[in-house]
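A.B. asks: Have a look at the structure that comes next, please.
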Amino acid sequence: MNRLETNFLGMVFKNPMVTSSGCFGFGLEYKDYFNPNELGGIVVKGITLEPRDGNYGTRIAETPGGMLNCVGLENPGVEYFENVILKDMRASGITSPIIININGKVIDEYVELAKRVEKMDEVDMIELNISCPNVKDGGMAFGSNPDVAGAVTKAVREVTTKPLIVKLSPNVTDIVKIAKIVEENGADAVSLINTLLGMAIDIKGRKPVLGNTFGGFSGPAVKPVALRMVYQVSQSVKIPVVGMGGISSTEDALEFMMAGATMVSLGTGLFSNPILPVEIKNGLEKFCIENNIDNISEIVGAAHKRG
């Protein structure tokens, strides 16, 4: 009996754990620590049409309870991903479902990327990133405007048959409103939260630490905010929720699932503990056994129940 087996968007995942885009590379970088197939699925680093060098200057800064980053979507571009990286991933023995995170400066770029991905048999799902806060054009602008969020979701939905997950930004007034709009426009699931917008200042240099001034704040400190948003959104939409934001233990993963997340995504926690997925997998199995739970899906949304 696999107590962790999870049905998600028409696919069977070995367990409800995936990676957060940007924190796990392309699944090959962590092979010295654990077998990537221990994961339910792999969300790869964000991909754009063209190669990007990312932002200049300092791009990572540690903060109490987390970290700031303004990497700026550095990636080799979709052509290299398709012709080299994707083949390397499968050749290396990775069999877990692959979810590609796509990004664009304008809606047409998202559409063109989705068309390219539609032809990639090795890619199982698309995560539409409308919420990255560390690029100056595109990114957060799409996720913070309800009308634009709906428009880009609809445009991508029309050109792909692959399951579509839309990644939401927490840097909005009403994340529930955004979630409902992308659902209405064809999203099969939503993932949340992306990073919070933050900054750090070098008091000796009297200037921002990050080269881009602002960056995405992630790590354990954001968990209460992320958990609250997952709780709210899961009650308001009919599509599944992928929960993320500061997950660094089995207990954290359980909280997100009880808040309403069907799947949980591991990100910043991997940097300080590269074997975190293995620890959480073992912890979830132990929790199920100790609580006579046949399948982990039984706890999804448990915190919403009153009795």
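A.B. asks: Restricting to the stretch 256-282, give me the number of residues that are over 24 Å from residue 10 (Cα atoms) and of a type in the set (Phe, Trp, Tyr).
C.D. replies: Adding up the residues that qualify gives 1.
A.B. asks: Yes or no: residue 214 over 21 Å from residue 37 (Cα atoms) and surrounded by fewer than 20 Cβ atoms within 10 Å (Cβ to Cβ)?
C.D. replies: yes
A.B. asks: Can I ask one more? When you check residue 267 against the structure, is it modelled with pLDDT under 95 and either open to solvent by less than 20 Å² (accessible area, probe 1.4 Å) or aromatic (Phe, Trp, Tyr) (or both), yes or no?
C.D. replies: Taking the combined requirement at face value, the residue does not satisfy it.
A.B. asks: If a residue has to be open to solvent by less than 40 Å² (accessible area, probe 1.4 Å) and in contact with a helix residue (DSSP H, G or I) (Cβ under 9 Å, 6 or more places away or on another chain) to count, how many in the stretch 43-64 make the cut?
C.D. replies: Looking only at that region, the number is 4.
A.B. asks: Same structure, new question: What's the number of the only condition in (1) at pLDDT 95 or above; (2) out of contact with any Lys or Arg (no Cβ under 9 Å at 6 or more places or on another chain) that residue 246 fails to meet?
C.D. replies: Against the list (1) at pLDDT 95 or above; (2) out of contact with any Lys or Arg (no Cβ under 9 Å at 6 or more places or on another chain), residue 246 comes up short only on (2).
A.B. asks: Residue 194: under 22 Å from residue 55 (Cβ atoms) and open to solvent by less than 40 Å² (accessible area, probe 1.4 Å), yes or no?
C.D. replies: yes
A.B. asks: While we're here: Residue under question is residue 286, and the condition is that it be assigned to a helix (DSSP H, G or I), open to solvent by less than 50 Å² (accessible area, probe 1.4 Å), at pLDDT 95 or above and not hydrophobic (A, V, I, L, M, F, W, C); does it hold?
C.D. replies: no
A.B. asks: Given (1) modelled with pLDDT of 95 or more; (2) open to solvent by less than 30 Å² (accessible area, probe 1.4 Å), identify the lone condition not met by residue 82.
C.D. replies: (2)
A.B. asks: For residue 108, state whether it is without any contact (Cβ under 8 Å) to a residue 60 or more places away in the chain, exposed (fewer than 13 other Cβ atoms within 10 Å of the Cβ), out of contact with any helix residue (DSSP H, G or I) (no Cβ under 7 Å at 6 or more places or on another chain) and in a loop (DSSP other than H, G, I, E, B).
C.D. replies: no
A.B. asks: Among the numbered criteria (1) polar (S, T, N, Q); (2) closer than 24 Å to residue 245 by Cβ; (3) without any contact (Cβ under 8 Å) to a residue 60 or more places away in the chain, which single criterion is violated by residue 35?
C.D. replies: (2)
A.B. asks: Does the stretch 73-105 hold any residues that are among the small types (Gly, Ala, Ser) and in contact (Cβ under 8 Å) with a residue 24 or more places away in the chain, and which are they?
C.D. replies: Selection gives 77, 92, 93, 96, 104.
A.B. asks: So, restricting to strands (runs of 3 or more DSSP E) that lie completely within the stretch 118-211, which ones have at least 2 residues that are within 16 Å of residue 103 (Cα to Cα) and at pLDDT 95 or above?
C.D. replies: Because the criterion is at least 2 residues that are within 16 Å of residue 103 (Cα to Cα) and at pLDDT 95 or above, the strands (runs of 3 or more DSSP E) in the stretch 118-211 that meet it are 125-129, 164-167, 189-192.
A.B. asks: Further question on the same structure: Across the stretch 7-41, what is the number of residues that are open to solvent by less than 20 Å² (accessible area, probe 1.4 Å) and more than 17 Å from the chain's Cα centre (by Cα)?
C.D. replies: 1
A.B. asks: Given 303, 259, which one is open to solvent by less than 40 Å² (accessible area, probe 1.4 Å) and among the small types (Gly, Ala, Ser)?
C.D. replies: When all the criteria are applied, what remains is 259.
A.B. asks: On the given criteria, is residue 206 basic (Lys, Arg), surrounded by fewer than 24 Cβ atoms within 10 Å (Cβ to Cβ) and at positive phi?
C.D. replies: Spelling it out, residue 206 is indeed basic (Lys, Arg), surrounded by fewer than 24 Cβ atoms within 10 Å (Cβ to Cβ) and at positive phi.
A.B. asks: Kindly provide the set of residues from the stretch 245-298 that are on the phi > 0 side of the Ramachandran plot and either of a type in the set (Phe, Trp, Tyr) or touching a strand residue (DSSP E or B) at 6+ places or on another chain (Cβ under 8 Å) (or both), ordered by number.
C.D. replies: 245, 246, 260, listed by residue number.
The values are calculated or read from the model by the stated rules, or taken from the named source; none is laboratory data. The structure presented is a predicted model; accordingly, all values stated were derived computationally and were not measured. Ideal geometry is used to build each Cβ from the backbone, glycine not excepted, and the neighbour counts take in all protein chains shown. What goes into the accessible areas is simple: the full protein's heavy atoms, side chains included, and nothing from ligands, DNA or RNA. Shrake-Rupley method; radii C 1.70, N 1.55, O 1.52, S 1.80 Å.
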